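Asker: The structure follows.
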Amino acid sequence: MELTDLVNPEHTVVITMEVQRGVIGDLSSFPELQSAAEDAGVLSNGPTICNAAREAGVRVLHATATNRADNAGSTANCRMLAASQKINQLGAGLIENTEGVELVSSFGPEPADIVVPRLHGLTPFTSTSLDQIVRNLDGRTIVALGVSLNIGVLGLAMSAVDLGYQVVIPTDAVAGVPLEYGQSILEGSLSLLATLTTTEDLIQTWETYQAK
C-alpha cells in the first residue's frame, strides 16, 4: 500500500512509546537512551508528528510504563525489568503518581489524547486495553514513535502486526541504544514488519488530506 492510503486519518492512530520524563526527559534514569532520543530526533520530531496528527484528526495515544512503589503487580522476570525495579527502589524511575511517569510536556497529553499505562511487561499491547481502544477508534494503521528500538518499539510493531494492524514508523522519531544498533534494527527487522517513512513525508501526506 502507498503511504497515502496507509495513513488515512479516518483509520490511523499515533502511538507514542514511553516518551516519559523518567525515560527520555529531564528526569531520565537512562542517560544513554535519553541522549539517543535527542540525537535521533525523537524529542524534536515526535511532538511535531503528534501536533500534525491532531490537526489532521488523527488520535494520539501514549503507551506509558509505570510501577507501584511496592512493585505489586510487576515481576522482575528479565534483566531489563530487574534493572527498572532497582531504579524504582532508589526513589527514581517510573513510580506511579510521580513526575517520572509524566509525558515529556511537548508530547502532551492534550485533552483528546488517550494515555494507556501498563504495570508489567515490556510492550504496550500485552495485557492492556490498547488493542481494544485502537479498534474502538476504528484504527487500522498505527504510526509508532518513541523508544526504544531495542525492545519497546520492536515489540509494539510485532504485536500490532500479529493483531492485524498496519504499522508505519517515522525513522527520525524513534531511537535505540547504541544509535547504530537502532539503525540495524530498523533495517534488518522493522523494515520487514512496518512501512518506514520520515517525519516530513508523513506530515506532507496528512496535509494532502486536509487540502481536499
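Asker: Among the candidates ALA69, ALA83, which residue alone is under 21 Å from the mean Cα position of the chain (by Cα), hydrophobic (A, V, I, L, M, F, W, C) and over 30 Å from THR12 (Cβ atoms)? Let's see the steps before the verdict.
Answerer: Details: ALA69 fails: under 21 Å from the mean Cα position of the chain (by Cα).
Going through ALA69, ALA83 in turn, just one is under 21 Å from the mean Cα position of the chain (by Cα), hydrophobic (A, V, I, L, M, F, W, C) and over 30 Å from THR12 (Cβ atoms): ALA83.
Asker: Based on what the data block shows, is GLY93 surrounded by 21 or more Cβ atoms within 10 Å (Cβ to Cβ), more than 30 Å from LEU6 (Cβ to Cβ), over 14 Å from the mean Cα position of the chain (by Cα) and not hydrophobic (A, V, I, L, M, F, W, C)?
Answerer: yes
Asker: Follow-up. Give the residue that is surrounded by the most Cβ atoms within 10 Å (Cβ to Cβ), with candidates limited to residues of region 40-85 that are free of Cβ contacts under 8 Å to residues at least 12 places away in the same chain and more than 16 Å from ARG21 (Cα to Cα).
Answerer: Among them, the one singled out is ASN51.
Asker: Sort through SER127, SER105 and tell me the only one that's farther than 19 Å from GLU55 by Cβ, over 14 Å from the mean Cα position of the chain (by Cα) and surrounded by fewer than 16 Cβ atoms within 10 Å (Cβ to Cβ).
Answerer: On the way: SER105 fails: farther than 19 Å from GLU55 by Cβ.
Answer to the selection: SER127.
Asker: Any residue that is among the polar types (S, T, N, Q) and part of a strand (DSSP E or B) - is there at least one of those in region 55-78?
Answerer: Within region 55-78, one or more residues are among the polar types (S, T, N, Q) and part of a strand (DSSP E or B).
Asker: Could you give me the residue pairs with C-beta distances under 9 Å whose first residue belongs to region 1-24 and is over 18 Å from LEU130 (Cα atoms), whose second residue is charged (D, E, K, R) and in a helix (DSSP H, G or I) wherever it lies, and which are 6+ apart or on separate chains?
Answerer: Going by the 9 Å Cβ cut-off, the qualifying pairs are LEU3/ASP201; ARG21/GLU99; GLY22/GLU99; ILE24/GLU38.
Asker: Among (1) out of contact with any helix residue (DSSP H, G or I) (no Cβ under 9 Å at 6 or more places or on another chain); (2) closer than 25 Å to THR48 by Cβ; (3) part of a loop (DSSP other than H, G, I, E, B), there is one condition ASP138 misses while meeting the rest; what is its number?
Answerer: Condition not satisfied by ASP138: (1).
Every number here is computed from the coordinates shown, using simple stated rules; none is lab data. This structure is a prediction, so every number in the text was calculated from the model and none was measured. No Cβ is skipped: glycine too gets one built from the backbone with ideal geometry, and neighbour counts run over all protein chains shown.
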